[in-house]
Amino acid sequence: MKSRIAPYLQSAPAMLWLALFFIVPLLAIVSISLMTGNSIDGYTLTWNFAVFPDALNEYSAQLGRSFLYGGISTALALIAMYPVAYWIAFHGGRRKSIFLFLLLLPFLVSFIIRILTWQFILSDEGIVLGTLKDIGILGENAHILSTPVAVITGLTYDALPWMALPIYVALEKIDRDLVEAAGDLYASGYQQFRRIILPLSAPGIYAGILLVGIANIGDYLSAQILGGPSTTMIGNIIQTEYVQNGDYPVASALSLMLMAALLLCVFVYARVFGTRTIQEYA
Amino acid sequence: MESKDIRGDQAWIRGMTQPRLSRRQVMKGAAGAALSLGLAQFIAACGLPGTKDTGWTAGTDWNAWWRDQQKNGSLNFASWPLYIDTDGGKHPSLEKFTKKTGIDVTYSPVIQDNASFFSQISPVLQNGQSIGYDLIVMSNGWQLTQLMQNKWLIPLDHSRMPNFQKYAGTVATNLAYDPHQTYCAVWQAGVTAIAYDEKQVDGPVDSIEILFDPKYKGKIGMLSDPDELGTAGLLALGINPQTSTYADWQKAADLLTKQRDDGLVRQYYDNSYIKALEDGDLAVTQAYSGDVFQAQNSGYPNLKFVIPKQGGVIWRDNMVIPYHADNPVDAIEWINFAYEPGIAALIADWVNYICPVPAAKPIIADQLDDPTVANSPLVFPSEKELKRLKEYPVTETLKTHEEWVGLFNPIIQS
């Protein structure tokens, strides 16, 4: 008997934690989303399921845009950081930890300051655009700030270490003898990478995409600080509905739909790419 | 391949003959059912209480209440960033106050915008608790209206504010949203109008129509506060915001939607518009008077602020004492102190917004030796100039507020 309940007792703290900080808040959000009323008279539960189609209808553009920007920025971060992680893992030598520290160093600075710095870098007469305009590459009216490009730049930049770290860990774990053996068996450099290193680093890529994608799709600060009149993301809408309009049901419904959409993506993603690689390599 | 008859399989027989549900499974199922039942009840029972009837009750004898209050020697003052005289990290006006009254002031510049600060304090006030601040600064607008309507503010005891009686100018006494200054003592006021960059715009500018001029496509800044955006649309149509109707608002929303769809608007800005203007990202923008005045004096003389012929909008930031404040007497002593011309001069000379105390003008000119500020119509506007300024539509009900926000928010967040 003792041995039977032991696993349950051992997992009890985790279960309690989940119940307290995940299930209860989630249920609260579900119930609030189904309420109607206003901030003065209060909200009562009326099982108003219409809030979901209504909110979706009204904000589908912003929801779609969030997935578009989140997807693009995740892909860019992957393309940018895989070589970096690869280089540190395979060629970093004894200074690996220094390189990793340098990678993380900018991220010890407050998030807001980093985004504001991009505002400075990308401003119309700033160091990038001003120079390009002076040498005649860009027209006088060209601008990046307040466009989707600026928002995606901010999202990508913020994702860099979260993409690099899991990929680095996966690459670091690879048994170098496997790569060497492939070379001994006349695999070309490309074949070694394609057949050995890339598949073995797949769990890292998988984790990186999840970490970055979920965070970026729900982000609102990049759009707020770097965006323009048509770059509003779903996070901005949720924030406005909650803070400015006090419309808790709509804010909750949008949060839930965002969460459901993300879960669906993660599920499909796991079915297509995840399970195979994780079962094979984890 | 040999096929196997599963009916001869021991495991199959065992599986078919033994009870399907073990005791533990039943227990687990029951617990699960109880849990989900409990949760269903939890969901059904809970509603969110409203703010109605959570303030002080009608008929409270405030004269008696004030008589019972005592000075405690400390004051927690919440305000906005860069909104009080500052010298080497200290605030001379507050130090003088402490010296004179013995009241220690904890000054917290924590208010970034009205809506988010309100969303932080309203759950606390709704629970009938002290928010930890004895004095807060709120702009006139829907959040301040709610604070007043919910009876979440303590009515001021004007007998304790002799300086206010004596020195308050019309900026502080002619309040559409609080006609008798029951709750509000103006901290500073300001004008929302137009700022432009002389390098990019051929001045002089005299009409708000410049915000809709295709010549400046993509170089026009609008404010992301729906109150500011909507009033700009109304002024451009020649409508007085204060007396405007829902039909007018719809027309303004149409105009502003077209402005956005034509690509004229670069962005809907919070306070960051001033940086964009300084950086040259904007040619012309909606702007707050004090920001432009400060920018002009810090290396951007090319920036100009104009109140167009259609008028600018005047807003006021008000000192109010939240209900349940721990140190109301200390708070009202500070209000009185801030209306002393010498103190008002110190503050206005630093923040450069409209000073509620006209008598501070000669002090800034002579004693502080700063004629630029003293003679600025943006700090001490004449009565004639004040008459050209318009008031926001006063939002009295949630319905009106929702109508307004429902028209202008979708433009900002498209």
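Some values worked out for this structure:
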read-out	value
Rounded to whole Hz, the Karplus (6.51, -1.76, 1.60) HN-Hα couplings of segment B:270-285, x for glycine and proline	8, 5, 6, 4, 5, 5, 4, 5, 4, 6, x, 6, 10, 9, 8, 7
Sequence-separation-based contact order of segment B:265-362, relative, with Cα cut under 8 Å and 6+ spacing, percent	20
Kirkwood hydrodynamic radius over Cα pairs of segment B:289-414, then Stokes diffusion coefficient at 37 °C and 0.692 mPa s, in µm²/s	189
Sequence of A:Leu178, A:Leu63 once ranked by neighbouring C-beta atoms within 10 Å, starting from the fewest	A:Leu178, A:Leu63
Chain lengthening between A:Ser11 and A:Leu132 when straightened (0.36 nm per residue, less Cα-Cα)	37.7 nm
Span-rule helices in chain B, defined as complete DSSP H runs reaching 27 Å or more along the axis (Cα) with Kyte mean at least -0.5	B:23-45
Over segment B:125-171: Rg over Rh, Cα atoms, Kirkwood Rh	1.02
Cut-off under 5 Å, modelled amide H: who pairs with B:Ala287 long-range	B:Ala193, B:Ile194, B:Ala195
For segment B:292-309 versus segment A:134-175, the gap between their alpha-carbon centres in whole angstrom	35
Extension gain from B:Lys309 to B:Leu255, taking 0.36 nm per residue of separation minus the Cα-Cα distance	17.6 nm
DSSP beta bridges in the protein assembly as shown [antiparallel fraction, %, rounded to 5]	65
Rg to Rh, two decimals, where chain A supplies the alpha carbon set and Rh follows Kirkwood	1.05
Among B:Gln367, B:Val379, A:Tyr220 - extreme Cα towards positive end, dipole of the protein assembly as shown, charges at beta-carbon	A:Tyr220
Student exercise, chain A dipole from Lys, Arg, Asp, Glu Cβ charges, in Debye to nearest 20	1080
Rounded Å value of the spacing that divides the Cα centres of segment B:142-166 and segment A:231-268	37
Residue-averaged 222 nm ellipticity for chain B, from DSSP H runs of 4+ at -39500 (n - 2.57), nearest 500	-12000 deg cm²/dmol
Span-rule helices in chain A, defined as complete DSSP H runs reaching 18 Å or more along the axis (Cα) with Kyte mean at least 0.5	A:51-91, A:148-173, A:198-217, A:248-269
For residues of B:276-283, the mean tally of beta carbons on other chains within 10 Å	4
Mean separation of Cα contacts under 8 Å (6+ apart) over length of chain B, as relative contact order %	24
Charge sum, other residues only, whose C-beta stays under 11 Å from B:Val329's C-beta, Lys/Arg counted +1 and Asp/Glu -1	-3
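Read-outs throughout are calculated quantities, based only on the coordinates presented, and are distinct from any laboratory measurement. In this text, all values refer to a predicted model and were calculated from it rather than measured experimentally. With ideal geometry, Cβ positions are generated from the backbone for all residues, glycine too; neighbour counts draw on all protein chains shown.
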